Each structure stands twice: as structure tokens, then as C-alpha cells.
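Okay, structure first, notes after.
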Amino acid sequence: DGKTLKINNAHCNHCMHCINMMPQALRPGNERGATFLLGSHAPILEGAQLSWVIVPFFEMEPPFDFLKETMANIAEWWSEHGKNRERVGELIMRLGMRSLLEAIGLPPVPQQVRIPRANPFFFWQQSDFDAEAKGRKYYTKEGFDVD
């Protein structure tokens, strides 16, 4: 009818740009949560480094188990692989986002890609190719079934 404005929730990545541009027209819904960013800092020699999106959106409800578990997994990965005085963002740059995501057990999502077509995080293992040769799906985590 041209008089209602709706957001297509299936395609929303919770960047909040539309709400920032039209605060009077759009109001956030009842869904409350956070975006988990990690790794920004501004070293003198290399210039500013922006954060990586680790989890695009998750609901923040007490007792915050998902947040605590994810933070503990990242701290464990950092303590195992980080060099002396190395920040988490520098470690991600050195080892890659793929290494981090595999260590903390999160699937890759499109919001984690910094530059389109520059750094996709495909997790191909030999077992994937063996499974495909046998006619099975090679990636079967929640919501990522490939036919």
C-alpha cells in the first residue's frame, strides 16, 4: 500500500544503519542482544586496525552462558598461540580468522568477511572430500547443510 515500512528480517544482519538513518520511522523490535567484535587497536607503525565481527548477533539473557563460554574459548586460544605482548587482533592477523573460528567452535558467517571475495573462511578437510565421494553431505552443522 506504500504507507508501511517493514524490514525483511531474513536479510537483516543487525548493522543498525537503517535505524540510525531513520530513527523516527523505525523502532527496534523486542529482540535484544549484542554484536561481538574483537581485535581493534591503533598501533603507531601500522595504523588503525578495525575489529572483526566474531558473532553478528546473539541474545543477551542472564546468566550470559554463550558470552562467557565464547570469551573463555578465545582466551584459551590466545594463551596457547599468542606471542609475548601480542594482542588478540594481531594474533588473528597472524594465524587467520579460520584458526580462531575452528578453535572456539563457531561456524563462519558472511558478516565476518572484511572485504567481499578477499577472505572467505572455507573449512575444507580431507574428510569432507571423502564424504562427498561417498555421496554424503560434507558440512552438516546447524543451518549449513549443503546439497
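Rundown of residues vs (1) in contact with a Gly (Cβ under 9 Å, 6 or more places away or on another chain); (2) among the hydroxyl-bearing types (Ser, Thr, Tyr); (3) in contact (Cβ under 8 Å) with a residue 40 or more places away in the chain, yes/no style:
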position	(1), (2), (3)
ALA42	no, no, no
SER51	yes, yes, no
GLU59	yes, no, no
ALA103	no, no, no
Handout entry: Residue ID - surrounded by the most Cβ atoms within 10 Å (Cβ to Cβ), chosen from residues in region 65-82 that are small (Gly, Ala, Ser) and assigned to a helix (DSSP H, G or I)
Key = ALA75
Handout entry: Hits in region 16-40 (condition: touching a residue at least 40 places away in the same chain (Cβ under 8 Å) and of a type outside the set (A, V, I, L, M))
Key = GLY39, SER40
Problem - Subset of region 23-54 (residues that are assigned to a loop (DSSP other than H, G, I, E, B) and β-branched (Val, Ile, Thr)) - result: ILE44
Handout entry: Among residues of region 2-22, those that are surrounded by 10 or more Cβ atoms within 10 Å (Cβ to Cβ) and either at pLDDT 80 or above or in a helix (DSSP H, G or I) (or both), counted
Key = 4
Practice task
Determine if region 86-93 includes at least one residue that is surrounded by 13 or more Cβ atoms within 10 Å (Cβ to Cβ), small (Gly, Ala, Ser), assigned to a helix (DSSP H, G or I) and touching a residue at least 24 places away in the same chain (Cβ under 8 Å).
Solution key: yes
Completion exercise
Exactly one of ARG27, ARG87 is of a type in the set (D, E, K, R) and farther than 19 Å from GLN112 by Cβ, and that one is ARG27
Exercise for the section: Determine which member of the set ILE104, ILE115, ILE74 is more than 18 Å from PRO43 (Cβ to Cβ) and modelled with pLDDT under 80. Expected result: ILE115
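The values are calculated or read from the model by the stated rules, or taken from the named source; none is laboratory data. Because the structure is a prediction, the values reported are computed rather than measured. So basically every Cβ, Gly included, is an ideal-geometry build from the backbone, and we count neighbours across all protein chains shown.
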